[in-house]
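To keep things clear, I will list the structure first and then write my remarks on it.
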Amino acid sequence: MLISIITPTWQRGNLDILRRCLISVMRQTYGNFEHIVASDGGEEIAVHTVVNELGDPRLHYYTTRKHHGGWGAGVRQEVMEIALPRYFVFLDDDNILFPTYLEKMLGALRSAPQARFAICEELHFGPLQPFHGPPPVVLSGVPKLYHIDTLQVMVEAKAMREVGWVSNSYFADGETYAELARRYQYVNIPECLCAHL
């Protein structure tokens with residue numbers, strides 16, 4: 001598989017939010033991917049049902065071996081151990097990808113062979129740090145804490161495994177992508193390709 005998209009979930013009350021996320025992936029213009037929806041430490045029948053109802057063979061349900069505290073980083077790290085793609089995308093269950101996300105991120109990486117990850121712009125509806133101003137805000141994709149969100153990045157699996165998730169906290173994405181940027185080159189895509197809703 002070329003791309004694995006990992007979506008952690010845990011006690012998502014409104015399943016329409018999760019369904020919206022999953023459908024945004026199914027509608028991608030580039031189709032060589034798998035999408036793994038992972039419940040944090042216990043099977044969630046309702047989530048498993050949503051995955052099955054959508055009927056997309058690229059969509060898989062997984063339950064982590066242990067509970068990681070409801071933080072996505074621990075779930076992502078565990079699922080990275082079973083997925084075998086060339087690239088990872090980490091998409092939280094309340095966020096969406098615009099239809100050309102995979103196509104454009106992959107194109108950017110292929111056009112910059114020295115880059116190990118790509119960052120796009122994101123429409124972010126909060127919560128945000130106060131210095132960003134009131135949402136919605138467009139995050140430009142600076143790989144450092146408070147300036148980047150998980151879904152803005154497509155990363156080479158080898159580089160991601162070498163770095164791992166730096167922490168299992170609310171700020172894990174910023175900390176992890178900052179570490180990736182210290183070690184590797186990346187390419188920016190000056191286009192909004194996703195939304196944190």
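List the number of the failed condition for L91; all other conditions in (1) over 14 Å from the mean Cα position of the chain (by Cα); (2) crowded, with 21+ Cβ neighbours inside 10 Å hold.
Here L91 clears every test but (1).
Is it the case, given these coordinates, that V163 is within 23 Å of P8 (Cβ to Cβ), touching a Phe, Trp or Tyr at 6+ places or on another chain (Cβ under 6 Å) and either modelled with pLDDT of 95 or more or not aromatic (F, W, Y) (or both)?
no
Quick one: in the stretch 168-189, which of the residues that are over 16 Å from the mean Cα position of the chain (by Cα) and either of a type outside the set (V, I, T) or within 14 Å of H147 (Cβ to Cβ) (or both) is surrounded by the most Cβ atoms within 10 Å (Cβ to Cβ)?
Per the stated criteria, the residue is Y186.
For F131, indicate whether it is touching a residue at least 40 places away in the same chain (Cβ under 8 Å) and of a type in the set (A, V, I, L, M, F, W, C).
Here the answer is no, as F131 does not meet what is asked.
Can you tell me which residue within the stretch 1-51, out of those that are part of a loop (DSSP other than H, G, I, E, B) and of a type in the set (D, E), is nearest to N95 (Cα to Cα)?
Filtering first and then ranking leaves D40.
Counting just the residues of the stretch 1-37 that are among the hydrophobic types (A, V, I, L, M, F, W, C) and touching a Gly at 6+ places or on another chain (Cβ under 9 Å), which one comes out modelled with the lowest pLDDT?
Keep residues of the stretch 1-37 that are among the hydrophobic types (A, V, I, L, M, F, W, C), which gives 1-3, 5-6, 10, 15, 17-18, 21-23, 25-26, 33, 36-37.
When the remaining residues are screened for being touching a Gly at 6+ places or on another chain (Cβ under 9 Å), the result is 6, 10.
Values: I6: 98, W10: 91.
Restricting to residues being among the hydrophobic types (A, V, I, L, M, F, W, C) and touching a Gly at 6+ places or on another chain (Cβ under 9 Å), the top hit is W10.
Please identify the pairs in which a residue from the stretch 157-179 that is of a type in the set (D, E, K, R) has its Cβ atom under 7 Å from the Cβ atom of a residue that is in a loop (DSSP other than H, G, I, E, B) and buried (at least 17 other Cβ atoms within 10 Å of the Cβ), counting only partners at least 6 apart or on another chain.
What qualifies is D173/I148; D173/D149; E175/V166; E179/V166.
Can you find a residue in the stretch 41-57 that is among the hydroxyl-bearing types (S, T, Y) and either within 25 Å of R161 (Cα to Cα) or buried (at least 21 other Cβ atoms within 10 Å of the Cβ) (or both)?
no
Would you be able to say whether some residue in the stretch 123-131 is touching an Asp or Glu at 6+ places or on another chain (Cβ under 7 Å) and over 18 Å from H35 (Cβ atoms)?
Yes, the conditions are met somewhere in the stretch 123-131.
Going by the structure shown, is Y101 aromatic (F, W, Y) and farther than 19 Å from Q28 by Cα?
Against the criterion (aromatic (F, W, Y) and farther than 19 Å from Q28 by Cα), Y101 does not qualify.
Whether any residue in the stretch 4-18 is touching a residue at least 60 places away in the same chain (Cβ under 8 Å), out of contact with any helix residue (DSSP H, G or I) (no Cβ under 9 Å at 6 or more places or on another chain) and at negative phi is what I want to check. Reasoning before the result, please.
Going through the stretch 4-18, the residues touching a residue at least 60 places away in the same chain (Cβ under 8 Å) turn out to be 4-10, 12, 17-18.
From what is left, the residues that are out of contact with any helix residue (DSSP H, G or I) (no Cβ under 9 Å at 6 or more places or on another chain) are 17.
Keeping just the survivors that are at negative phi gives 17.
Yes.
The values are calculated or read from the model by the stated rules, or taken from the named source; none is laboratory data. Treat the numbers as computed from the prediction; the structure is a model and nothing was measured. All Cβ positions, even for glycine, are placed from backbone atoms using ideal geometry, and neighbour counts span all protein chains on display.
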